[in-house]
Amino acid sequence: MKLLLFADLHLDTRFPSAGPVRRKALRDTLGRIVDLAEETGVDAVLCAGDLYEHERCSPSTAAFLRSSFDCSVPVFLAPGNDDWYGPESVYQQVDWTPNVHVFSSRTMTPVDLADGLTLWGAAHVGPGPARDVLDGFAVTRGGVNLALCHGSAPGDVAITGLDHAFLGHVHTPEHAVDYTFPGNPDPLTPGETGERGAVLCTVHDDGSVSREVFDVSASRSLDWLDSEKAFPLLDFDSVAAERTVRGQFVRDVLADTGLDEAMRGRVLATGLRALEER
């Protein structure tokens, strides 16, 4: 069984500069993921949440998602805390094609991927911080059991009876024996570096998983991540003069003598973007 995993794409996220171009690149990244799924002949595509940002998701993005997932491959979506499932969510409003399955319950529910192979999934069903979806969950089926969810603690996987969990929320990729955080496939901030992308996961008969990472970032291929257009230099002194939370943040970072200039710039850019809540 071959599964293509990604998470935390954050379509329609806000950028401090060149927003339309960067958001277009995120859409292109999703297109590359779907193309890769069809080219490699995977059995399903898995998204572990934060596919888009609920508060800023546009009708055109909803239409784009429906069109993108209208493909030859089954698609399983587990809504996260930024794209939570609810009456006003894209997940509930879009008339998805039959190949798309959206997990809609806050508790883990099973789907049969193949004989003796179960995929459990759950959704965040309201705004708020990411919760540990696996907390208190225990497998009730035999065979190989996999999970798809957003925001769970890796330490919980071993006690659930799951063979492997595909997890979202953490933007830094992490591949362990019994879980996979793919990281976000297209970096959103300067600090999100290193190998990341869509992860081709091969599930073996004993429940073990082998992985191969594919770089699908449209932003990276356009060299946006290394340009001032992607992450422009800010006038930090002007921001520091503000009587605001972000002004205090900048003052504190500028006063920290333990940071070299390169690290100081990364901390400032990443922190300011976090304060803007993307």
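The values are calculated or read from the model by the stated rules, or taken from the named source; none is laboratory data. These numbers come from a predicted model, not from an experiment. Virtual Cβ from ideal backbone geometry, glycine too; neighbours counted across all protein chains shown.
Here residue 156 clears all of (1) more than 14 Å from the chain's Cα centre (by Cα); (2) closer than 17 Å to residue 48 by Cα; (3) without any contact (Cβ under 8 Å) to a residue 24 or more places away in the chain except the condition numbered (3).
Every residue, every condition in (1) more than 25 Å from the chain's Cα centre (by Cα); (2) among the aliphatic types (A, V, I, L, M); (3) modelled with pLDDT of 80 or more; (4) under 19 Å from residue 30 (Cα atoms), yes or no:
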| residue | (1), (2), (3), (4) |
| --- | --- |
| 201 | no, no, yes, yes |
| 205 | yes, no, yes, no |
| 236 | yes, no, no, no |
| 244 | yes, no, yes, no |
| 247 | yes, no, yes, no |
| 252 | yes, no, yes, no |
| 258 | yes, no, yes, no |
| 269 | no, yes, no, no |
| 276 | no, no, no, no |
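Only residues that are without any contact (Cβ under 8 Å) to a residue 60 or more places away in the chain, out of contact with any Cys (no Cβ under 8 Å at 6 or more places or on another chain) and assigned to a helix (DSSP H, G or I) were counted in the stretch 45-92, giving 14. When residue 148 is tested against (1) at pLDDT 95 or above; (2) part of a loop (DSSP other than H, G, I, E, B); (3) under 16 Å from the mean Cα position of the chain (by Cα), only condition (2) is not met. Contact map, the stretch 1-30: first residue of a type in the set (Ser, Thr, Tyr), second residue modelled with pLDDT under 85 and in a loop (DSSP other than H, G, I, E, B), Cβ cut-off under 7 Å, separation 6 or more or different chains; pairs are 13/278; 17/229; 17/232.
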